[in-house]
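Data first, discussion second: the structure below is written as structure tokens.
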Amino acid sequence: MAVSEQDILWSELRWAAIAGGAVSLIFVAILYAGLILHVNPPSDIETIDPKTLHLSAEFTEANLGTKVEAGGQVTTRIVATQFAFDPQCVVVPANEPVTLRLSSPDVIHGILVTGTNVNTMVVPGYVAQVHTVFTKTGDLLMPCHEYCGFGHSQMWATVRVVPPERFRPDAEGRVACENS
Ligand code: CUA
């Protein structure tokens with residue numbers, strides 16, 4: 001069967017339309033996921049010097065743990081280090097927005113809070129931030145889930161979720177496990 005110039009042209013146009021359609025469909029799906037569903041890659045990257053972590057304003061020993069900020073926002077700051085979390089236990093209120101902020105002075109660690117959607121890597125040089133609402137009360141296990149050395153399996157902390165009425169900040173807005 002003889003194939004004419006015209007047949008080839010139509011065949012090419014048909015494939016161009018199919019490929020163009022597929023690309024447009026994927027493009028629309030990306031826009032839909034980003035703009036409507038708000039599924040986005042991490043943004044707002046915050047860097048921090050791991051060498052001076054304990055000396056810098058935010059992650060100094062006295063500023064670690066849970067604090068109710070001036071605007072009422074509950075923020076919990078934790079340092080992940082070989083092979084412990086500092087502090088070892090943090091208190092958060094149930095059914096209220098909580099922001100977790102973590103950083104590492106040494107190697108890459110990872111955290112997850114059992115039974116919740118909290119799950120992030122903690123990379124030296126950056127602040128890992130997670131916004132969440134804890135709905136169940138109780139002591140939740142927060143293990144390190146990134147192999148970070150010989151003591152990795154010993155590295156875990158407790159997230160104590162208490163009912164809002166039992167979440168009582170002191171005069172400085174701080175709440176610690178020792179008195180909760
Ligand atoms: Cu830290 Cu594994």
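The values are calculated or read from the model by the stated rules, or taken from the named source; none is laboratory data. Model, not experiment: these values are computed from the prediction. No Cβ is skipped: glycine too gets one built from the backbone with ideal geometry, and neighbour counts run over all protein chains shown. Note: areas computed on protein heavy atoms with side chains; ligands, DNA, RNA excluded. Shrake-Rupley method; radii C 1.70, N 1.55, O 1.52, S 1.80 Å.
Here is how the numbers come out for the structure above:
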read-out: Failed criterion for residue 165 (all others in (1) out of contact with any His (no Cβ under 9 Å at 6 or more places or on another chain); (2) in contact (Cβ under 8 Å) with a residue 40 or more places away in the chain hold); value: (2)
read-out: Among (1) open to solvent by 30 Å² or more (accessible area, probe 1.4 Å); (2) over 17 Å from residue 65 (Cα atoms); (3) under 17 Å from the mean Cα position of the chain (by Cα), the one test that residue 110 misses; value: (1)
read-out: Which listed residue is β-branched (Val, Ile, Thr), surrounded by 12 or more Cβ atoms within 10 Å (Cβ to Cβ) and within 16 Å of the ligand (Cβ to nearest atom), from 132, 137, 158; value: 158
read-out: Selected residue (only one of 75, 52 is in contact with an Asp or Glu (Cβ under 9 Å, 6 or more places away or on another chain) and hydroxyl-bearing (Ser, Thr, Tyr)); value: 75
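Matching residues to (1) charged (D, E, K, R); (2) under 17 Å from the mean Cα position of the chain (by Cα); (3) open to solvent by 40 Å² or more (accessible area, probe 1.4 Å):
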{"position": "40", "(1), (2), (3)": "no, yes, yes"}
{"position": "56", "(1), (2), (3)": "no, no, no"}
{"position": "61", "(1), (2), (3)": "yes, no, yes"}
{"position": "64", "(1), (2), (3)": "no, no, no"}
{"position": "72", "(1), (2), (3)": "no, no, yes"}
{"position": "77", "(1), (2), (3)": "yes, yes, no"}
{"position": "93", "(1), (2), (3)": "no, no, no"}
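Here is a yes/no grid of residues against (1) out of contact with any Gly (no Cβ under 8 Å at 6 or more places or on another chain); (2) within 16 Å of the ligand (Cβ to nearest atom):
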position: 30; (1), (2): yes, no
position: 39; (1), (2): yes, no
position: 46; (1), (2): yes, no
position: 55; (1), (2): yes, no
position: 64; (1), (2): yes, no
position: 83; (1), (2): no, yes
position: 95; (1), (2): yes, no
position: 98; (1), (2): yes, no
position: 105; (1), (2): yes, yes
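To keep it simple, each residue is scored yes or no on (1) part of a loop (DSSP other than H, G, I, E, B); (2) hydrophobic (A, V, I, L, M, F, W, C).
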site: 59; (1), (2): yes, yes
site: 62; (1), (2): no, yes
site: 71; (1), (2): yes, no
site: 78; (1), (2): no, yes
site: 85; (1), (2): no, yes
site: 95; (1), (2): yes, no
site: 101; (1), (2): no, no
